[in-house]
Amino acid sequence: MRAAVLCEQPGDLVIEDLVVDKPGPQEVLIQTVGAGLCHSDLHFMEGLFRSKLPSVMGHESAGIVQAVGQDVTYVKPGDSVVACLSIFCGQCRQCLSGHPHRCTNGRATSRSRDDAPRLQRADGTPVDQMARLGGFAEEMLVHQNGVVKVTPDIPLEKACLIGCGVTTGFGAAVRTAAIPVGATVCVIGCGGIGLSAIQGSRVAGAGRIIAVDMNPESLEAARLMGATDTVNAGEVESVVEAVRELTKGGVEYSFEAIGLKETAEQAFEMLEIGGTATVIGMVPSNTKVEIRGIDLLSEKKLQGSMMGSNQFRTDIPQMIDLYLNGRLLLDEMVSATISLEQVNEGYNWMREGTVARTVITF
Ligand SMILES: NC(=O)c1ccc[n+]([C@@H]2O[C@H](COP(=O)([O-])OP(=O)(O)OC[C@H]3O[C@@H](n4cnc5c(N)ncnc54)[C@H](O)[C@@H]3O)[C@@H](O)[C@H]2O)c1
Ligand SMILES: [Zn+2]
Ligand SMILES: [Zn+2]
């Protein structure tokens, strides 16, 4: 089967023909239908975070179950599934205390070193999978706790977006920050993640949602998703001052959806007294985010969010209902549909910042 493989860091993806093993007892083989391009893969392609190599990139995919291992009871061949990288063991302290997205026992849901690899090249070289999913591939072999069964009513080339981007942004607003009705919100960065945080804020009933980006197209998309105000970061002297002016003092909740030191600091600085900044973007591992200590005295909070603090087996079907009822926009988030061979071109569009989400269809 064909897959987009990262062979060196930094590096573009290479389309290779790989051999997939049979499903292990707890594994599911999926025929991929749609795969969204998330910025996290690009961070790895650019070498900002280390990856095992070679590795199939992609972690925002949906498809149809082709085969299941002997102990799999949750799904059967023919089921529609969305994959999610928050693979839970169901037994560690984080899983059992209601935080399965923070599962600390990845070993329980992975193959051991002594087992045959899930993927390999024809010459026997083992090939890794981004986030233990490897979604930019015609087939995905994953642990059953990394998938959720979904209604066949949703097109899988739309549902795939919920696997990472929508779950992450929407969840950051409704789960991690749990913004209350009427809140004032600012979202910095309006790609797939930021647009989803805007949608989560709208569904949660935020009173005001300020979107910040440098691209007029992204700000237009933000309005469509529910933003009430927009700030073009390239046209103002200070984003923080612009937001303070709009809100007469700052926002109650801010979200950073880019992954930069500068914008993470902006998110904190634009808070009103008692406000909460949630950094969703992946800030490079060796970069420090700085805040003024005195700001903590006014009860301002800075927190992170991993995969929208999801409980994806129940959250994703809920989000699909919102989509089917017209309250969560997914069609409008897809700027372009491409083939697997065009994956590097898709990432070039992301570098230019001109797209919301690009989806590979198989
Ligand atoms: N926390 C998590 O669990 C999690 C999950 C998925 C993705 N992420 C991260 O979220 C971030 C966003 O991902 P994405 O796929 O939406 O990316 P994206 O590239 O599609 O969107 C980023 C947006 O930010 C805008 N932007 C860039 N620099 C800016 C600046 N200085 N000021 C204002 N706007 C600016 C761009 O124009 C673009 O619209 C990435 O860092 C990604 O790795 C985190
Ligand atoms: Zn992602
Ligand atoms: Zn666990």
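The values are calculated or read from the model by the stated rules, or taken from the named source; none is laboratory data. In this text the structure is predicted, and so the values were computed from the model without any measurement. Here Cβ is always computed from backbone atoms with ideal geometry, including for glycine, and neighbour counts include all displayed protein chains. Just so you know, the surface numbers come from the protein's heavy atoms only, side chains and all, with ligands and any DNA or RNA stripped out. Shrake-Rupley method; radii C 1.70, N 1.55, O 1.52, S 1.80 Å.
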In the range 79-99, which residues are open to solvent by less than 50 Å² (accessible area, probe 1.4 Å) and over 16 Å from the mean Cα position of the chain (by Cα)? D79, S80, V81, F88, C89, G90, C92, Q94, C95, G98
Taking T125 as meeting all but one of (1) within 20 Å of the chain's Cα centre (by Cα); (2) among the β-branched types (V, I, T); (3) surrounded by fewer than 17 Cβ atoms within 10 Å (Cβ to Cβ), write down the number of the exception. (1)
Taking the stated definitions as given, is A178 in a strand (DSSP E or B), over 19 Å from C38 (Cα atoms) and either away from ligand 2 (no atom under 15 Å from the Cβ) or aliphatic (A, V, I, L, M) (or both)? no
Selection from the range 75-115 of residues within 16 Å of ligand 1 (Cβ to nearest atom) and in a strand (DSSP E or B) yields V82, A83
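Looking for something assigned by TED's automatic domain parsing to the domain that holds F136, open to solvent by less than 40 Å² (accessible area, probe 1.4 Å) and at positive phi - is there at least one such residue anywhere in the range 323-333? Give the steps one after another, and end with the answer.
Our first condition is that a residue be assigned by TED's automatic domain parsing to the domain that holds F136; within the range 323-333, this holds for 323-333.
Next, from what is left, pick out any that are open to solvent by less than 40 Å² (accessible area, probe 1.4 Å): 323, 328-330, 333.
Still in the running and at positive phi: none.
Scanning the range 323-333 turns up no residue that is assigned by TED's automatic domain parsing to the domain that holds F136, open to solvent by less than 40 Å² (accessible area, probe 1.4 Å) and at positive phi.
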In the range 290-302, residues that are open to solvent by less than 60 Å² (accessible area, probe 1.4 Å) and either touching a residue at least 40 places away in the same chain (Cβ under 8 Å) or under 11 Å from F268 (Cα atoms) (or both) total 2
Any residue at all in the range 37-44 that is assigned by TED's automatic domain parsing to the domain that holds G353, away from ligand 2 (no atom under 13 Å from the Cβ) and touching a residue at least 24 places away in the same chain (Cβ under 8 Å)? no
Which numbered condition trips up R132, out of (1) over 28 Å from A356 (Cα atoms); (2) open to solvent by 10 Å² or more (accessible area, probe 1.4 Å)? (1)
Do you know which of the residues in the range 100-115 that are open to solvent by 50 Å² or more (accessible area, probe 1.4 Å) and not hydroxyl-bearing (S, T, Y) is farthest from D71 (Cα to Cα)? R102
Give the residues of the range 303-319 that are more than 16 Å from the chain's Cα centre (by Cα) and either open to solvent by 70 Å² or more (accessible area, probe 1.4 Å) or among the β-branched types (V, I, T) (or both), sorted by residue number. T314, Q318
